[in-house]
Amino acid sequence: MAAFDTSRPTYAASSKGFGAFATSLIAVFSAWNDSRQTRNALSQLSDHELEDIGLTRGDINSF
């Protein structure tokens, strides 16, 4: 199974204005996309593989 590096650089933005809004919007989108990719990768695993890592198929939606 492949490992995914999900660390992202952080960008400093002013505490007000469009820069802060854009930065927070990008952060929210990035978090959503990371969760989506995790759910898709876990969905590809068999029940036995999920059991090996301590998950059940029902746990996938919590990511």
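Taking the criterion of being in a helix (DSSP H, G or I) and modelled with pLDDT under 95, would at least one residue in the range 3-15 satisfy it?
Looking for residues that are in a helix (DSSP H, G or I) and modelled with pLDDT under 95, one finds none in the range 3-15, hence no.
For the range 16-49, name all the residues that are surrounded by 12 or more Cβ atoms within 10 Å (Cβ to Cβ), over 18 Å from the mean Cα position of the chain (by Cα) and modelled with pLDDT of 95 or more.
Scanning the range 16-49 gives a single hit, 49.
The values are calculated or read from the model by the stated rules, or taken from the named source; none is laboratory data. Only a predicted model underlies this, so the values are computations on that prediction, with no experimental measurement involved. For neighbour counting, all protein chains shown are included, and Cβ atoms are generated from backbone atoms with ideal geometry for every residue, glycine included.
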